[in-house]
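The values are calculated or read from the model by the stated rules, or taken from the named source; none is laboratory data. Everything numeric in this text was worked out from a predicted model, so none of it was measured. Cβ coordinates were reconstructed from backbone atoms using ideal geometry, including for glycine residues, and neighbour counts include every protein chain displayed. To get the accessible areas, we keep the full protein, side chains included, count just its heavy atoms, and leave off ligands, DNA and RNA. Shrake-Rupley method; radii C 1.70, N 1.55, O 1.52, S 1.80 Å.
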Amino acid sequence: QVQLVESGGGLVQPGGSLRLSCAASGSIFRVYTMGWFRQAPGKQRELVATITGTGYTIYADSVKGRFTISRDNVKNTVYLQMNSLTPEDTAVYYCYANVRASGNPTATEHWGQGTQVTVSS
């Protein structure tokens with residue numbers, strides 16, 4: 001019923017920038033916290049940044065000052081602006097959203113399919 005569709009990944013040189021987008025669609029009553037996680041080869045999935053419906057944000061220490069998370073509550077879309085990228089940022093980035101579907105009394109977690117970000121010269 002609820003889908004998250006990501007876009008914006010790709011290959012970028014060190015020091016470059018990318019912007020990821022993730023739109024939630026379907027029978028949605030309300031979208032609560034949205035965010036981004038990432039998983040590099042051989043590593044566990046880790047939090048990158050999250051944002052609540054009122055705009056409260058949390059960032060991983062490794063991305064503070066370089067990445068900015070934002071959202072459009074009308075479009076149910078979350079963005080991740082990534083600047084000053086380094087090879088250590090190379091990973092599959094997953095969108096996350098806590099969504100209450102129409103007709104459901106509670107919210108559930110949803111994940112996007114993942115988008116590859118590769119930082120390499």
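Per-residue HN-Hα couplings for the range 107-121, Karplus 6.51 cos²θ - 1.76 cosθ + 1.60 at θ = phi - 60°, whole Hz, x for Gly and Pro?
Per-residue couplings from phi come out as 8, 10, 7, 9, 10, x, 7, x, 9, 7, 10, 10, 10, 7, 8 Hz.
Between Ser62 and Gln1, what FRET efficiency follows from the Cβ-Cβ distance if R0 is 41 Å, with the result rounded to 0.05?
On the way: r = 34 Å, r/R0 = 0.83.
Computed FRET efficiency for Ser62 and Gln1 comes out at 0.75.
Can you list the residues, at least 5 places off or on another chain, whose amide H is less than 5 Å from the amide H of Ile28, using H built in the peptide plane?
Answer set, sorted by chain and number: Ser102.
Suppose every K and R has +1 on its Cβ and every D and E has -1 on its Cβ; what is the size of the dipole of the chain about the Cα centre, in Debye to the nearest 20? Can you show the working numbers first?
Details: 10 positive and 7 negative charges, 39 e Å.
Rounded to the nearest 20 debye, it is 180 debye.
Please report the projected area of the chain's Cα convex hull averaged over all directions, in nm². Walk me through the numbers before you get to the answer.
Details: hull surface 28.6 nm².
With the hull built on Cα positions only, its mean projection is 7.1 nm².
Using a probe of 1.4 angstrom, how much of the accessible area of the chain is carbon and sulfur, in percent?
Solvent-exposed carbon and sulfur of the chain make up 48 percent of the total.
What are the ³J(HN,Hα) values, in whole Hz, obtained from phi via the Karplus relation 6.51 cos²θ - 1.76 cosθ + 1.60 with θ = phi - 60°, for each residue of the range 88-95 in sequence order, with x given for Gly and Pro?
5, 7, 5, 4, 8, 9, 10, 7
Using a 1.4 Å probe, what is the accessible area per residue for the range 3-52, in Å²? Before the final figure, lay out each step's value.
Working: 2630 Å² over 50 residues.
Result: 53 Å² per residue.
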